[in-house]
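Comments concern the structure below.
The values are calculated or read from the model by the stated rules, or taken from the named source; none is laboratory data. Keep in mind it's a predicted model, so treat the numbers as computed, not measured. Neighbour counts are summed over all protein chains in view; Cβ atoms, including those assigned to glycine, are modelled from backbone coordinates with ideal geometry. The protein model used for the area step is the full one, side chains on, heavy atoms only, and it has no ligands, DNA or RNA in it. Shrake-Rupley method; radii C 1.70, N 1.55, O 1.52, S 1.80 Å.
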Amino acid sequence: MDLNIKQNEEVNEVQLRELISLCHEENSLLNLLKSTRLILTVSAHVNNQLVGIIIVWTSSFHPFCMYFRILSHPFYRGWNIEHKLLSELKTLNISTYPFQTSIWETAIHLKTLFETNDFYEIRRTYMPNINVQEIKKLAPFNFKKDKLNITTLHELIKNRELMDKLLHLIRFIYEQTHICNPVAKMDLDEWENILLNDDVILDGSYICLSWDSKDILAYSFLHESYKDTSLELGWCGCKNKQDKKLLQSLVIEQVVFAAEQGFQFIEGEFDTTDEYAMELLNSFPFEPSPTWITYQSAAQ
């Protein structure tokens, strides 16, 4: 049996779907094959069976790197398919920007592959759950709602001046926490569209204001989830780093909101490059979960 590697070969969707399932990847990779963001594919076949693939694409939100995923059939790992696909990719010289990919920490074969091929870890992302009913029971011990000036995003969007201050703060914090993979330059209207169009729950997203209600002190957003039993934490941050403890109070508000709406869990996504997200991870008894590791190559 011979291994055939080809660029931009038409991919059998049924075989790719099976490969995605075997590799525990997201089915959203299928959509990339029909997207204008797709740069190329490099696929590996044995007897017309798809046994490995690299998919390369770009992001308009983070335009200064080339994203990719490597998938390989676990029963063909001895064929060094991932190494051959990565070697093929590195010879193409398709961009001056670095390549970037993410894997579960349990994917030891890929971890070894990247770390022995001049990729370096830029961050880890934790994506655990909290049980809202359990946390709600603890809320009275820490909750100081009566001592804080808290409002919802639903109310804040009615005040243009405060909304602009919030967007300025969101943009600044996001840029600071993504220095390794810079975000595109966008005006406040674009940031507002991203925030309000990303399944955000207006009544479940909370902002802590100064006592005179003229400034933003902290924010934590809540989003819908594809899981019926869960909601998802979104962006969070503070104007001043010494106020990070305010985030705990905002998330407790969100826990109470989720419980009252009948949800069982809130999911988080916490990057090690984001000190505000890490503050929340350290402030609640999240369930253990595998870590998502992001690797980046040196610029071409």
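Looking only at residues in the stretch 84-106 that are touching a Cys at 6+ places or on another chain (Cβ under 8 Å) and either open to solvent by less than 50 Å² (accessible area, probe 1.4 Å) or part of a strand (DSSP E or B) (or both), which one is nearest to ASN282 (Cα to Cα)? First the steps, then the outcome.
Looking only at the stretch 84-106, we keep the residues that are touching a Cys at 6+ places or on another chain (Cβ under 8 Å), and these are 97-100.
Those still in the list that are either open to solvent by less than 50 Å² (accessible area, probe 1.4 Å) or part of a strand (DSSP E or B) (or both) too: 98-100.
Numbers: PRO98: 32, PHE99: 31, GLN100: 27 Å.
If we take residues in the stretch 84-106 being touching a Cys at 6+ places or on another chain (Cβ under 8 Å) and either open to solvent by less than 50 Å² (accessible area, probe 1.4 Å) or part of a strand (DSSP E or B) (or both), then GLN100 is nearest to ASN282 (Cα to Cα).
Could you say whether any residue in the stretch 53-67 is at pLDDT 90 or above, small (Gly, Ala, Ser), open to solvent by less than 30 Å² (accessible area, probe 1.4 Å) and assigned to a strand (DSSP E or B)?
The answer is no; no qualifying residue exists.
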Task: Filtered residues of the stretch 195-212 (kept if in contact (Cβ under 8 Å) with a residue 60 or more places away in the chain and open to solvent by less than 50 Å² (accessible area, probe 1.4 Å)) - done: CYS208, LEU209, SER210
- [ ] Tell me, please, whether a residue that is basic (Lys, Arg), closer than 21 Å to ASP271 by Cβ and at pLDDT 95 or above can be found in the stretch 165-174.
- [x] yes
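Find the residue count for the stretch 142-185, including only residues that are assigned to a loop (DSSP other than H, G, I, E, B) and either among the charged types (D, E, K, R) or under 19 Å from the mean Cα position of the chain (by Cα) (or both). Before you say what the answer is, go through the steps one by one.
So in the stretch 142-185, the residues assigned to a loop (DSSP other than H, G, I, E, B) come out as 143-144, 148, 157-159, 177-185.
From what is left, the residues that are either among the charged types (D, E, K, R) or under 19 Å from the mean Cα position of the chain (by Cα) (or both) are 144, 158, 177-185.
Going through the stretch 142-185 one residue at a time, the tally reaches 11.
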Open item on the list: Which condition from (1) within 26 Å of LEU280 (Cα to Cα); (2) out of contact with any Ser or Thr (no Cβ under 9 Å at 6 or more places or on another chain); (3) crowded, with 18+ Cβ neighbours inside 10 Å is the one that TYR126 breaks?
Closed with: (2)
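Among the listed residues PHE286, PHE270, PHE221, which satisfies the condition of being more than 16 Å from ASP199 (Cα to Cα), of a type outside the set (D, E, K, R) and touching a Gly at 6+ places or on another chain (Cβ under 7 Å)? Give the derivation first.
On the way: PHE270 fails: touching a Gly at 6+ places or on another chain (Cβ under 7 Å); PHE221 fails: more than 16 Å from ASP199 (Cα to Cα).
Just one listed residue meets the conditions, PHE286.
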